[in-house]
Amino acid sequence: MTEEIEKKIQRLTEIRRDVGVEAYLNPFRAREHIAFLLSFVDELTEALFKIHALVQEGRKIDSNIDPGSKQGADPLPS
């Protein structure tokens, strides 16, 4: 898993380095970057929803997690 994350971070670094460079004159390279970024955003969104669900489950189990909060149990309504 760590190796996979390191590869994605390296890919993001490469994409950032290419911003503003003539790399985007090549439509195939630009399309590869866009596809990678869209896939990465999907993964991040899925991870955020999982984290949110775990936090909500934790709040159901332990209502003292944030007793001073004036918000309801679900600050991010699904």
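The values are calculated or read from the model by the stated rules, or taken from the named source; none is laboratory data. Everything numeric in this text was worked out from a predicted model, so none of it was measured. Here Cβ is always computed from backbone atoms with ideal geometry, including for glycine, and neighbour counts include all displayed protein chains.
Values for this structure:
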{"quantity": "Pairs, first under 21 Å from residue 7 (Cα atoms) and part of a helix (DSSP H, G or I) in the stretch 18-35, second modelled with pLDDT under 75 and among the hydroxyl-bearing types (Ser, Thr, Tyr), C-beta under 9 Å, six or more apart", "calculated": "18/24; 30/24; 33/24"}
{"quantity": "Top-ranked residue in the stretch 6-33 [being among the β-branched types (Val, Ile, Thr) and either at pLDDT 90 or above or surrounded by 10 or more Cβ atoms within 10 Å (Cβ to Cβ) (or both); ranked as nearest to residue 44 (Cα to Cα)]", "calculated": "9"}
